Each structure stands twice: as structure tokens, then as C-alpha cells.
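**Q** I have a structure here, written as C-alpha cells, and I will follow up with some questions on it.
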Amino acid sequence: MFGYTGKLLCADLTGSKIKETKTPEKLARAFLGGRGLGAALLYKELEPNVNPLSPDNVLILMTGPATGTPLPACPRWEATTKSPLTNMYLCCSVGGFFGAELRFAGYDGIIVRGKAASPTWLSILDGKAELHDAGELWGLTTEETEVAIRKELKDKRARVASIGQAGENLVRFANIQTDSRSIGRGGAGAVMGSKQLKAIAARGHGGIEVADEEGLMMLMRELIAEMKRNQAVQEFSKFGTTQFIDPVNEGGLFPTRNFQAGVFEGAGRINAETMREQLVKKDTACYACPIACGKYSVVAEGEYANTFVEGPEFETLWAFGAQCGVDRLDAIAAANMWCDRYGMDTISTGNVIGFAMECFERDLLSKRDVNDLELKFGNHKVLVELIRKIAFRESIGNLLAEGVRNAARKIGRGSEAFAMHVKGLELPAYDPRGAWGMGLSYATACRGGCHLKAWTLSAEVFAPKYDRFSTEGKAKLVFEKQNIRAAMDSLGVCIIGGRAIGVEEMVRVLAVTTGWNLNVKGLLKVGERIYNLERLLAVRDGISRQDDTLPPRLLSETLPSGPAKGIKLGKKEFNRMLDEYYGIRGWDVEGRPRREKLEEFELPKLLEG
Ligand code: SF4
């Protein structure tokens, strides 16, 4: 098999057993790798109804055929598991260097089961895997863990994926951190914590045999040239994702104070130019990526001095900025740094803090409930302390560590109406009342309220091809974007690099790495197959139409200002999009894939046994 190392590592932590298995070719051909192959293996390996934090949950880390090749912006790999936040299927894409290093060490992926008797870490060095005592690492931040493991291995270039205190304490939105990047959303870090697995380190000196070396080098040169030419890509090199602050705010869909408004008056103080001017010290990149969209920031003085962080990115600027009514860049950077160190998802953390602020302002949480914190919108001083409390599950932090859905259930008294999540996953930085396609995208994303499975903003707001306040064409738009993204995540291609790597180029990526010749239609069909498989996993976890919805606030209240002022995305309009979407997908009215659809993609045959 060209494009694959051909081996998976299986670690059963309960019995400290490690073995190798072959990367299954039939499944790799059908699902490519990364997200698709991870989902297929999860379907086969995971029993339905498993508690996500029990030893029976399975955590799969999987690379794609492009991961670790010299192709630019193709470092991505995927973590797949059952989420402790949503209690359903979870997939998380990440870049950095770990995926490439894992392949150099000889493996396409890792399947982790069971629970270690005591804290443990796993090393994978040039084809040799070993479990180690992590007693001394338990309690360290992700950064400290990385430093300690590199020291232990006497290798500064070892790549480490680790959890911080949030994962250890089973915070339901804990991350796995690697190379200053986050395997975020949905709590894969808590799954690692529940298994007492503190970290995985990889180092290797092998290569990846590809089908067409010359073709790959030619494609690499063409893609690098296109990335240099492409204006959209260049904007990412300069500003990263922070460039979205102004257009999203001006478009009136920048969720402010827990989605009570869509325009944030302090946006100019946290936007791309301000950040570049005040905080950014250097640009950083993932493996073999010339774009370098990462922004390393330093706060040198003031009350947040000694803040060093890769970021904040757009979503984090929103989460601790507009969502909490805070316009202090230094405070946001510090909040970002502590989330990364403790290993916690910034979107979920900011979302749940904004929710708590609204509860406090509405007297649903008393001063005593929040340990005398002045939990008001705009009070930057509470952020770092509240983040610490969440990571250590201390007092109010223990409630918020359960995620916004569970916190609202506990607080009750109408707070569920403004708990901003879909299927338990906290919503990110776009208000769907300002771009209705994003509403359908959130409602049907395979892991809950996520913007990354189908980002319709470009087609609805930035370079509009659709009326953003209409249902017209949105079902097809979301369907197509979801399929493309599924294929991209399975190959190992970065979504930002995707500005230069279109579907035609992805077909070539697949051909030069694996030798498999699909055309554009064929590749999109693979994406559609993956999305159907993910829906099967969700249905198995009990998901149906009633879960494919938006928080009550978004379907009943209108925005008070900006271009979306007074425009209502009502239930009727939302249901029209959803019905059309199910129809295009070939799912029934409850959102279950029909038998014919599953057979069209040979899913029963592929998943049996
Ligand atoms: S564009 Fe950014 S996130 Fe994507 S591979 Fe390059 S550096 Fe990593």
C-alpha cells in the first residue's frame, strides 16, 4: 500500500498490552485515512452505549495518506472517540508535527483501549512502542509534560501529544495538546485522562513510500507557487484566522455577551491589526507548511505579563472577547495560554463562562454560587481565575466543567434557553441569525455544534453567492461542503491550505501518494460515504431529528442591532432547510440514512465483521 506505513499500533492499557496490526486496505480504500478511517475503525471497535469515560471507550489517532509527505499544508491527523461532552461520536482534526512523526516512527495510527492501573505514558520510537510510569508527570501542565518527556527521551525533536490537569480531572471539554496546537472540541483529553494516559510521544527516522515520487514533487512545487500567489492564503500568512474579526463583526453575526447581540463594540481593540501590532512576535507553522498561519504572541508587561502563547486565533478572541464582553487583548491571550497549559478547549470554555455571566446577571447564580467573583460581562479579571477553577473542578468550576448543556440542566429556571450548544457541543463564533446556512451547518455537523464541518460564511457573507437571510440553496451548500471537508480531513489536508488545494488538487494528492485514481466525483462520493458513516455512528448513539436543532434563543429572539437586526430565523424556516437537507442526503424524516443510501456506499458490507 503506497501512501501508508501499513501498520497500526494497538495499546490495551488495562493489561499493558501492545501489539501491531495491519492498516486494513479495504477500509483505507473506502475511507482514505484520518477522519474517515478513524470513524470506520471506531464503528467496528466500539460497542454501542459505552460510557465515554469508561475503560470500554476507544480512542483512535489516525493519519491520512498525505500526512508527513512534503506536500504543503498537509500535516493533519485526527482523533476519533466517543465524546464525554456530547455522549456521541467525536472527530477532531489537528496539525502540528505529531502525525508526521508517528508515520516516520512506522505507524499510520494508534488505537487505545482500556484503562491503565496508574498514570502512564506511551513512547513510539522507530517502530518500538513502550508504556512508562507517568506518576511524576501527573499534575503537570501540557507544556511541562512535553519538556519532561523530551528530557527523558534525550531528544528535543520527539513530538508529544499530552493532556494537562483538565484532562486528568475529566473536564468534559478537555483537549489533547501537541506542538502548541489543540485536539479540541468534545473532550478527547478527558477520554485520555479517564484511561490514565498522560501522553504519547513519537519519534522516527523512516519515510513514507508513495506511488509517484516525481509527481508528488511536481505537485508540491505547484501548490507552493499557488500558495504564494493566492491572496486569500497570503492573508492567513499575515494574520492567521484573526482576519475574520472585522468582517464577521461588521456582518452583524459576531456573537456578543452569550449571543445577546451580533455586534461587539470592542471588536476594534481585539482585531487582526491590533493583535499584529501589540502582541504577535513571530509566525509559526505546522510540518511542511509555507503558510505559517500560527501567531506566537507575548504579553511583556502589565497585569498579564509573562504570557506566552501560540494564538489567540479568531475563535479564541471571540470566546474570551465578545462572548464575555471583554476587549482586553492581554487578558484574552492569558486566558488562551492557561487553557492550553491545562489542556482545555477555548471555544467551550469561553462559551460556558459567557453563559455563567448571563446567569449571574439574571440572578440565576448568586455571588455565593460563584465564590464572590464579580462574574459580569466585560470583567476580564475573572477569566484566568475561572479557567483555573474549571480545570481543577473547584466550586463553580466543577459545575462549568460539565459543559454548558449540563450546567444549564443543573441551574434550570429557564437557563436552558440561552445555553448555546447543539447536541451538547458549545457553539463557536458565528451567529446563525446572520447567515442561515451556518444554522443548518451547526445543526447537522457530525459532532454537534461545530463550524468546521461546513463553513458557509464565504458563500453567504464574505463573497456572497446566496442571500444569507434565506433558506434558498442552503441545504445543498451545506451538503457539498460537509462532503468536501470529510474527504479533506481524511487525506490529511489542512482547511486553510484548502484555499489553494481545491478538489482537483486533492484528487492529485490521493493519486501521487496512494496510486489510486479517483476523479472529482469519486472523491466527493468518498466524502459523502464518510458523512453517512458518521451519521450511522450518531444514530447508534441515539441522535435523531429532535437533536438536529439550534438553541431556543436562536430560533425565537432577533438580534438587536447591525445588518441582521430584527430578522428572525424561525422554526418554520429552519425546518424547511432541514427537510431539504435530509432529502438531499437520502435520509428519512428522522434523519436516519435509508437502507438504499447505505447500500449505495456499500456501508453494510464494509462495516461487517
Ligand atoms: S495553514 Fe496553518 S494550520 Fe494549516 S497546516 Fe499551515 S500552519 Fe498548520
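Throughout, read-outs are computed from the coordinates displayed, never taken from laboratory work. As the structure is a prediction and not an experimental result, all values here were calculated from the model. Heads up, the Cβs are rebuilt from the backbone with ideal geometry, glycines too, and the neighbour counts pull from every protein chain shown.
**Q** Is there a pair in Lys367/Lys572; Lys238/Lys521; Lys295/Lys381; Lys423/Lys605 whose C-alpha atoms are over 32 Å apart, and which pairs would that be?
**A** Result: Lys367/Lys572; Lys238/Lys521 exceed 32 Å.
**Q** Among Ile390, Gly412, Tyr4, pick out the residue whose Cα is farthest towards the positive end of the charge dipole of the chain, where Lys and Arg carry +1 and Asp and Glu carry -1 on C-beta, about the Cα centre.
**A** Going by the Cα projections, it comes out as Gly412.
**Q** Could you run the Karplus curve 6.51 cos²θ - 1.76 cosθ + 1.60 with θ = phi - 60° over the stretch 509-523 and give me ³J(HN,Hα) per residue in whole Hz, x for Gly and Pro?
**A** Couplings: 4, 5, 5, 6, 7, 9, x, 8, 9, 9, 8, 4, 4, x, 5 Hz.
**Q** Any idea what Rg and Dmax come out to for the stretch 7-203 if you just take the C-alpha atoms, in Å?
**A** Computed over the Cα atoms of the stretch 7-203, radius of gyration and Dmax are 14.9, 43 Å.
**Q** Starting from the amide H of Asp179, placed 1.01 Å from N in the peptide plane, find each other amide H under 5 Å away whose residue is 5 or more places distant or on another chain.
**A** Val160
**Q** Using the Kirkwood radius over Cα pairs, work out the Stokes-Einstein diffusion coefficient for the stretch 19-101 at 37 °C and 0.692 mPa s, in µm²/s as a whole number.
**A** My calculation gives 245 µm²/s for D.
**Q** Per-residue counts of other Cβ atoms within 10 Å, averaged by peptide: what ranking do you get for 504-510, 537-543, highest first?
**A** Ranked from most to least packed, the peptides come out as 504-510, 537-543.
**Q** Also, I was wondering about something else. Please work out how much length the chain gains when fully extended from Glu144 to Glu20, using 0.36 nm per residue of separation minus the C-alpha to C-alpha distance, in nm with one decimal.
**A** 41.6 nm
**Q** Right, next: Quick one: which residues, 5+ away or cross-chain, put their amide H under 5 Å from the amide H of Ala261? H built at 1.01 Å from N.
**A** It is Thr256, by chain and number.
**Q** List the trypsin sites (Lys or Arg not before Pro) within the stretch 377-413 that fall in a DSSP loop (any state other than H, G, I, E or B) and whose Cβ has at most 15 other Cβ atoms within 10 Å.
**A** Passing sites in the stretch 377-413 are Arg413.
**Q** Now, a different point. Taking H as built 1.01 Å from N, whose amide H comes closer than 5 Å to the amide H of Ala134, not counting residues under 5 places away?
**A** The answer is Thr120, Trp121.
**Q** Karplus couplings for the stretch 591-608 from phi (6.51 cos²θ - 1.76 cosθ + 1.60, θ = phi - 60°), rounded to Hz, Gly and Pro as x?
**A** Along the stretch 591-608, the couplings run x, 9, x, 6, 3, 4, 5, 5, 6, 3, 9, 6, 5, x, 5, 5, 9, 6 Hz.
**Q** Give me log10 I(q)/I(0) at q = 0.18, 0.34 Å⁻¹ for the stretch 106-148, Debye formula, one equal scatterer per alpha-carbon, no solvent.
**A** Debye output, listed in q order: -0.65, -1.16.
**Q** What share of Cα pairs, in percent, lie more than 36 angstrom apart in the chain?
**A** It works out to 30 percent of all Cα pairs.
**Q** Spelling out what I want: for every residue of the stretch 350-360, take phi, set θ = phi - 60°, compute 6.51 cos²θ - 1.76 cosθ + 1.60 (Karplus), and round to whole Hz; glycine and proline get x.
**A** Once rounded to whole Hz, the list reads x, 4, 6, 5, x, 4, 5, 4, 5, 4, 5.
**Q** 222 nm [θ] for the chain, helices only, -39500 (n - 2.57) per DSSP H run of 4+, per residue, to 500?
**A** For the chain, the value works out to -11500 deg cm²/dmol.
**Q** Where both residues lie in the stretch 7-203, what percent of DSSP beta bridges are antiparallel, nearest 5?
**A** 75 percent
**Q** What is the gain in length, in nm to one decimal, between Glu599 and Asp579 on full extension, counting 0.36 nm per residue of separation less the C-alpha to C-alpha distance?
**A** Contour length minus the Cα-Cα distance gives 5.0 nm.
**Q** If you filter the stretch 245-334 for GluC sites (Glu not before Pro), then keep DSSP loop positions with at most 10 other Cβ within 10 Å, what is left?
**A** Those satisfying the criteria are Glu301.
**Q** What is the spin-label model distance, in nm, from Arg269 to Phe2 if the labels are put 7 Å beyond Cα along the C-beta direction?
**A** My value for the distance between the label points is 5.7 nm.
**Q** Give the shape of the stretch 334-409 as rounded, prolate or oblate, defined through the alpha-carbon gyration tensor: a ≥ b ≥ c are the square roots of its eigenvalues, a/c under 1.5 means rounded, and otherwise the shape is prolate if a/b is larger than b/c and oblate if not.
**A** prolate
**Q** Please state the shape class of the stretch 375-456: rounded when a/c is under 1.5, otherwise prolate if a/b exceeds b/c and oblate if not, all from the C-alpha gyration tensor.
**A** prolate
**Q** Using r as the Cβ-Cβ distance of Ala300 and Lys156, and R0 as 22 Å, what FRET efficiency do you calculate, to the nearest 0.05?
**A** Step by step, r from the Cβ atoms, then E = 0.30.
**Q** Still on this structure, please answer the following. When the chain is fully extended, how far beyond the present Cα-Cα distance does Asn379 get from Ser561, taking 0.36 nm per residue of separation?
**A** Stretched fully, the Asn379-Ser561 segment lengthens by 63.3 nm.
**Q** Give the Debye-formula value of log10 I(q)/I(0) at each listed q (0.15, 0.17, 0.20 Å⁻¹), with one equal scatterer per alpha carbon of the stretch 241-413, two decimals each.
**A** These q points yield log10 I(q)/I(0) values of -0.80, -1.01, -1.32.
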